[in-house]
Amino acid sequence: MNIQDLSILLAAIELAVKRGTFSIFEIGAVGQTADKLAAFLKDANEQAEAAKAAAEAEQAQAEGQASPENTESDSEAPAA
């Protein structure tokens, strides 16, 4: 099971609630579980975005280090 599966599950719960699938006695537990699932998905998405940004920054830094750099001998002209 992955994050996308959990997102689909949350949507299914929301649809079931809208259609009146649960009794008044069940709806509290269903709502609490849906809230926990929504919070988990929000945190997971934030962590995924942060990891992606960190990976992109690391890649950009690695590409910057791989580019040719001028050395002191290249930038200094010989004295005439």
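For the stretch 1-19, which residues satisfy the criterion of being modelled with pLDDT of 95 or more and not in a helix (DSSP H, G or I)? Listed by number, the list holds a single entry, 19.
For residue 52, are the conditions met, namely being assigned to a helix (DSSP H, G or I), more than 19 Å from residue 1 (Cβ to Cβ) and either among the charged types (D, E, K, R) or under 19 Å from the mean Cα position of the chain (by Cα) (or both)? So residue 52 fits the description; yes.
The values are calculated or read from the model by the stated rules, or taken from the named source; none is laboratory data. Computed from a predicted structure; not experimentally measured. Cβ sites come from the backbone with ideal geometry, for glycine too, and all protein chains shown count toward neighbours.
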